[in-house]
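Working notes, structure below.
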Amino acid sequence: MALSGGVDRGSHSMDKSITLPPDEIFRNLENAKRFAIDIGGSLTKLAYYSTVQHKVAKVRSFDHSTKVSVQETDGDPLYEISVQEEITARLHFIKFENAYIETCLDFIKDHLVNTETKVIKATGGGAHKFKDLIEKKLKLKVDKEDEMTCLIKGCNFVLKNIPHEAFVYAKHADSEFRFQHTHPDIFPYLLINIGSGVSIVKVEAEDKFERIGGSSIGGGTFWGLGALLTKTKRFDELLQLASKGQHTNVDMLVKDIYGGAYGSLGLTGDLIASSFGKSATTDKEFSKEDMAKSLLHMISNDIGQLACLYAKLHNLTRVYFGGFFIRGHPVTMHTITYSINFFTKGEVQALFLRHEGYLGAIGAFLKGAEEDNPNQYSWGENYAGSSGLMSVSPELNPVQRARSGTFPFDMLEMDRLERQLVNLPLLQDPTSYIPDTVDLTEDVLAREYWLYCFEEALDGVVKRAIASQKDQPKAVERAEKFRQKYRHKLQTLRHQPFAYGSLTVRSLLDTREHCLNEFNFPDPYSKIKQKENDMALKYYLKVVKSVEELSWEQRQFTLVKGLLAGNVFDWGAKAVSDVLESDPEFGFEQAKQQLQERPWLVDAYNQWIERLKGPPHKCALFFVDNSGIDIILGVFPFIRELLIRGTEVVLASNSGPALNDVTNSELQILTERIAAMDPVIHTALKEDRLALVQNGSSSPCLDLSRLDKVLATVVRERGTDLVIIEGMGRAIHTNYYAMLSCESLKLAVIKNSWLAERLGGKIFSVVFKYEVPSKAQG
Amino acid sequence: MDKSITLPPDEIFRNLENAKRFAIDIGGSLTKLAYYSTVQHKVAKVRSFDHSAKVSLQETDGDPLYEISVQEEITARLHFIKFENAYIETCLDFIKDHLVNTETKVIKATGGGAHKFKDLIEKKLKLKVDKEDEMTCLIKGCNFVLKNIPHEAFVYAKHADSEFRFQHTHPDIFPYLLINIGSGVSIVKVEAEDKFERIGGSSIGGGTFWGLGALLTKTKRFDELLQLASKGQHTNVDMLVKDIYGGAYGSLGLTGDLIASSFGKSATTDKEFSKEDMAKSLLHMISNDIGQLACLYAKLHNLTRVYFGGFFIRGHPVTMHTITYSINFFTKGEVQALFLRHEGYLGAIGAFLKGAEEDNPNQYSWGENYAGSSGLMSVSPELNPIQRARSGTFDMLEMDRLERQLVNLPLLQDATSYIPDTVDLTEDALAREYWLYCFEEALDGNT
């Protein structure tokens, strides 16, 4: 569906009769419910709330009530899988140049079918200028919202809901962008909004903010004075001039006055004593570049000093910068950062926001959606539908951009998560918790390896996706679209590893899941999981019996080995999926033989055994990993022993599917089946000493700062004193260094030779990490 | 400018014959010379006759009580002369010719121009140039005038009956903030005679007004730029709050006339802007910025006395007004912008004091000599340089050393609010006219 529309106000040279690829930009418009628009001096940001119909794989237990023993179910699958439609909520944000506004409004009008909304919330300086146009085109009443309120609301929203939203900019560092980990409490903070002028706003709570200062020397001053001095009328071009200039030709430095440093006052010779001081007394001509650079320094330094003074006066350490002066411009981010470092001697860091351009639109939208109470939900950035940082390179000017065919459209999509996410209460220090073990934005070698690895694995994923939906319409076509999308994401990340915050193995995995979902492959492993679960259940009693015959010492070791062997079965790891595909008979016993002999790569087994000789734990929280052999023959026998010891067990599994990880609904059925065979499990379930909770995530990795609220409550109520994290995704790629306030066991088999080598071992090396918090030891 | 001027030397470099110590402060455009000299004065001395042999009051009838004799007395005086750098060579020649009795071998020098003119001074005067730290001199000088000159500091109010409202000297001058606006801005916290710290600064100062102003208006002289600014309308160039929001931005407490963005209109408008308007906008931009910084530093350090100095301020009602306005705006009246009558001399005074430390000038009290001092704005900045050259561009300050140290009467109820004078004639225009007339009338009289 192509759209062409001519909007020509004649003031710009740009060709506006563009053809929009609408399915890619204004997505889900048919179901759009609420609109908001933020029109700035040059960019328009449109926000709408829509619903997305997704296919989800649901599992449902067959009715086995009439059958008595396990043997009788032979041949029947354990549960049935049905693909159902599910509707989820999504927020769409699109940013484009004001020049496209009419074209976009026309497009929206044509595609707005189901909406019942009568108003569109509007904010930004341009809102009143385009009011009539919007009302005429969309037949919606424009309802203006206070600009600053929207800005702050939007800022609070992204800081709360998007991990890695804020970053520090360091021009000359290995990775220009250093993302900050979300602090559980985002308040108080200072927001320095550098638009035409500067507003300095102190934000103390969700609805409590105050403009404590401001300055008339802002982006408009750079632009206005710059235009007068250089005859260059475009903001972007002025910044380009500045980036090529030498300010020392125009500015009077300390050394120009004193011949060197002014030591007694602590002023270095290179410090700018007087901006434009040289042009006061010199008659020569100054270059445009030099003047632009001098102007940029003058304004950035001034704002930096004001920001730092207000931060000090109000005792604030978190200072975020936004506004069009900053927005995606490395040049200004650099000068502002430099200035803040200079004035605060490093005490305060200049922070920038990945979605800074959207704050007003997000805020305006939230104002309009207050009755839906969006703040009661948790939201997650959808990597498949979001452009990522710097997707529209500011280095290109609009003409170049138009020519190069890059659409100057930037998108952000956020999914509403059905459950509220909170910190695991057992984190030793939530403020310093970092889920990911390796930051691929900083580790170039690791980045290259993993990007290569994910690209290599792509064919297999596509194959499996198609196989999972043999009978479904257009499966091949959708799988191909998925391939293109994910490959494009990987290419983007190769050049802009910072696009979605810190690049990690987790974010690569999550991006793949988001892309699969996007093309309606909600659970490509559902059938494989089903088959594996069926198969493994048959061996459950046999394994349990063989373990019971062993001596205590032998039993403990066998249980741990079983746990590790079970973890070898992991479709997420390429080496393993290769083996499984070629040799489906690869069994549990064989897996045990594959395991590294003790001493393991990380081996705290002896300490663990010593601990087991002591009193039982009160309650163990177990973050489980894969379906099939892993959960049934590895995890269950292990927790069975814990239950017998008198320890309560909470099994935490994924809320939604990811690879072959067991989901909460699958685990419910499996547990029932095991309880039917095994009185220990049966009794434990009945007495509520064994509980199943979902973790709130659909990722093969684990972020302990974003867990289901119910899980957090259960953990607290039961006095959990042991956390077990299993598998590469949850215990190695993430949480390897996580510090917990209780005992913890992290175990995994390294099924990737590159990673094993990096850790100093070989493939199938074992990590068995048992940690006791230092305060408990002391 | 014609530099071969003939100086009326007896009026300017007075008492040069007895000059003992020299100091010089050479700024970007003005030179300030300081010297210490002695003045031979006729004084009327009274002496009692010897009445010891007589017993009763009655017996002295007919004899005068005491005798009066006129004697020569030598007192100490500080001379300060300020002139444009253009005259420096002429002045040095004149000094060389008239320097007779001095035994001094060095001249203390400070200011950015000190090293530029070092060789010239050493060649002409045969004195070794001894450089002193600029900021130290400035602070020393500031402490000196605040202590010794009543009514040194004033508040500027453009539209008031009397533009200058002088402050009564506080017995304790510390702590205070000095904002020195030269090419750049230095913000100095002064806590005691010898204790000060540069707590902040900014590169947006007088040099920025001058430099950017020159680029924008092709006007190269600082004074002319100020004149342009005083005639301009900044609202033609600046983007105001009402230009963006159509009126005030009430919820943030921003009035419609507030400048939202300096030069904001020139970003998107293609029209030509007048030199006057651009100069005015620049002046506001810089003054407001300095005002805000001053007020933030004052708050951070809990200081209420904030003095402004430097060539950006020096005797320019235009900048005193914009700075005052800005300080009022940002502190909501909590802090007043204070200016100094002798601000231009601070560096020279300080450099002189550094050289005279062995004489310990701080142990004496000093008094401004009204006869030998030019007074505030004697060289009006409103006159252009050519007019000034005709009227003479020399400004003078003379201070007499008082032989005794002066202090408060310990019985004053509140020394800080004590005002000796009953009527302030600067403010009371009718009284002022009467008394000026009265004194003029009385001038002819010989009793």
So which pairs qualify, if the first residue must be in segment B:250-266 and at positive phi, the second must be hydrophobic (A, V, I, L, M, F, W, C) and part of a loop (DSSP other than H, G, I, E, B), the Cβ gap must be under 8 Å, and the two must be at least 6 apart or on different chains? B:263/B:237
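To keep it simple, each residue is scored yes or no on (1) at pLDDT below 85; (2) among the aliphatic types (A, V, I, L, M); (3) in a helix (DSSP H, G or I).
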residue	(1), (2), (3)
B:7	yes, yes, no
B:28	yes, no, no
B:37	no, no, no
B:69	no, no, no
B:74	no, yes, no
B:79	no, no, no
B:82	no, no, no
Under 7 Å by Cβ, and 6 or more places apart or on different chains, what pairs join a residue from segment A:263-274 that is within 20 Å of residue A:295 (Cα to Cα) and at the interface with another protein chain (Cβ under 7 Å from one of its Cβ atoms) with one that is buried (at least 16 other Cβ atoms within 10 Å of the Cβ) and aliphatic (A, V, I, L, M)? A:272/A:253; A:273/A:252; A:273/A:253; A:273/A:254; A:273/A:257; A:274/A:252
Scan of segment A:337-346 for residues that are free of Cβ contacts under 8 Å to residues at least 60 places away in the same chain and more than 10 Å from chain B (Cβ to nearest Cβ), ordered by number: A:338, A:339, A:340, A:341, A:342, A:344, A:345, A:346
Selection count, segment A:275-288, where residues are in a helix (DSSP H, G or I) and within 9 Å of chain B (Cβ to nearest Cβ): 4
Candidate set from segment B:351-375 (those that are assigned to a loop (DSSP other than H, G, I, E, B), modelled with pLDDT under 85 and among the polar types (S, T, N, Q)); member that is farthest from residue B:399 (Cα to Cα): B:360
(1) modelled with pLDDT under 90; (2) assigned to a strand (DSSP E or B): which one isn't true of residue B:179, the others all being true? (1)
Just checking, which of A:281, A:232 is hydroxyl-bearing (Ser, Thr, Tyr), farther than 18 Å from residue B:181 by Cβ and surrounded by fewer than 21 Cβ atoms within 10 Å (Cβ to Cβ)? A:232
What do you reckon, is residue A:196 surrounded by fewer than 24 Cβ atoms within 10 Å (Cβ to Cβ) and of a type in the set (Gly, Ala, Ser)? no
Looking at the structure I just gave you, is residue A:489 surrounded by fewer than 21 Cβ atoms within 10 Å (Cβ to Cβ) and among the charged types (D, E, K, R)? no
Check on residue A:230, more than 25 Å from residue A:415 (Cβ to Cβ), more than 8 Å from chain B (Cβ to nearest Cβ) and either over 19 Å from the mean Cα position of the chain (by Cα) or among the β-branched types (Val, Ile, Thr) (or both): yes
Could you tell me how many of the residues in segment B:290-303 are within 9 Å of chain A (Cβ to nearest Cβ) and either among the basic types (Lys, Arg) or buried (at least 24 other Cβ atoms within 10 Å of the Cβ) (or both)? 3
Just give me the residues in segment B:233-276 being farther than 14 Å from residue A:229 by Cα and of a type in the set (Phe, Trp, Tyr), in sequence order. B:245, B:249
Test: residue B:230 is surrounded by 16 or more Cβ atoms within 10 Å (Cβ to Cβ), of a type outside the set (Asp, Glu) and facing another protein chain (nearest Cβ under 10 Å): no
Per-region count, segment B:249-272, residues more than 9 Å from chain A (Cβ to nearest Cβ) and either modelled with pLDDT of 85 or more or under 37 Å from the mean Cα position of the chain (by Cα) (or both): 5
Any hit, segment B:233-240, residues being more than 7 Å from chain A (Cβ to nearest Cβ), aliphatic (A, V, I, L, M) and touching a residue at least 24 places away in the same chain (Cβ under 8 Å): yes
Taking the options A:576, A:635, name whichever one is buried (at least 21 other Cβ atoms within 10 Å of the Cβ), assigned to a helix (DSSP H, G or I), at pLDDT 95 or above and aliphatic (A, V, I, L, M). A:635
Under the condition of being closer than 22 Å to residue B:142 by Cα and in contact with a helix residue (DSSP H, G or I) (Cβ under 6 Å, 6 or more places away or on another chain), which residue from segment B:317-338 is surrounded by the fewest Cβ atoms within 10 Å (Cβ to Cβ)? B:335
Taking the residues in segment B:148-159 that are touching a residue at least 60 places away in the same chain (Cβ under 8 Å) and not β-branched (Val, Ile, Thr) as candidates, determine which candidate is surrounded by the most Cβ atoms within 10 Å (Cβ to Cβ). B:153
Out of A:333, A:298, A:291, I need the residue that is within 25 Å of the chain's Cα centre (by Cα), of a type outside the set (Gly, Ala, Ser) and assigned to a helix (DSSP H, G or I). Which one? A:333
In the list A:187, A:222, which residue meets the criterion of being more than 8 Å from chain B (Cβ to nearest Cβ), surrounded by 24 or more Cβ atoms within 10 Å (Cβ to Cβ) and either modelled with pLDDT of 95 or more or touching a Lys or Arg at 6+ places or on another chain (Cβ under 9 Å) (or both)? A:222
In the set A:502, A:546, which member is among the small types (Gly, Ala, Ser) and closer than 30 Å to residue A:634 by Cβ? A:546
Would you pick out the residues in segment A:95-133 that are among the β-branched types (Val, Ile, Thr) and modelled with pLDDT of 90 or more? A:120, A:123
With criteria (1) within 14 Å of another protein chain (Cβ to nearest Cβ); (2) over 26 Å from residue B:322 (Cβ atoms), residue B:174 comes up short on (1)
Per-region count, segment B:208-222, residues more than 7 Å from chain A (Cβ to nearest Cβ), surrounded by 18 or more Cβ atoms within 10 Å (Cβ to Cβ) and of a type outside the set (S, T, N, Q): 3
Being closer than 30 Å to residue A:423 by Cβ, aliphatic (A, V, I, L, M) and more than 8 Å from chain B (Cβ to nearest Cβ), is that true of even one residue in segment A:204-219? yes
So which residues in segment A:302-334 are of a type outside the set (D, E, K, R), within 14 Å of chain B (Cβ to nearest Cβ) and over 13 Å from residue A:219 (Cα atoms), if there are any at all? A:304, A:305, A:306, A:307, A:308, A:309, A:310, A:311, A:313, A:314, A:315, A:316
Boolean, residue B:169 is out of contact with any strand residue (DSSP E or B) (no Cβ under 6 Å at 6 or more places or on another chain), of a type in the set (S, T, N, Q) and at pLDDT below 85: yes
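The values are calculated or read from the model by the stated rules, or taken from the named source; none is laboratory data. Note that the structure is a prediction, hence the values are computed from the model and not measured. Virtual Cβ from ideal backbone geometry, glycine too; neighbours counted across all protein chains shown.
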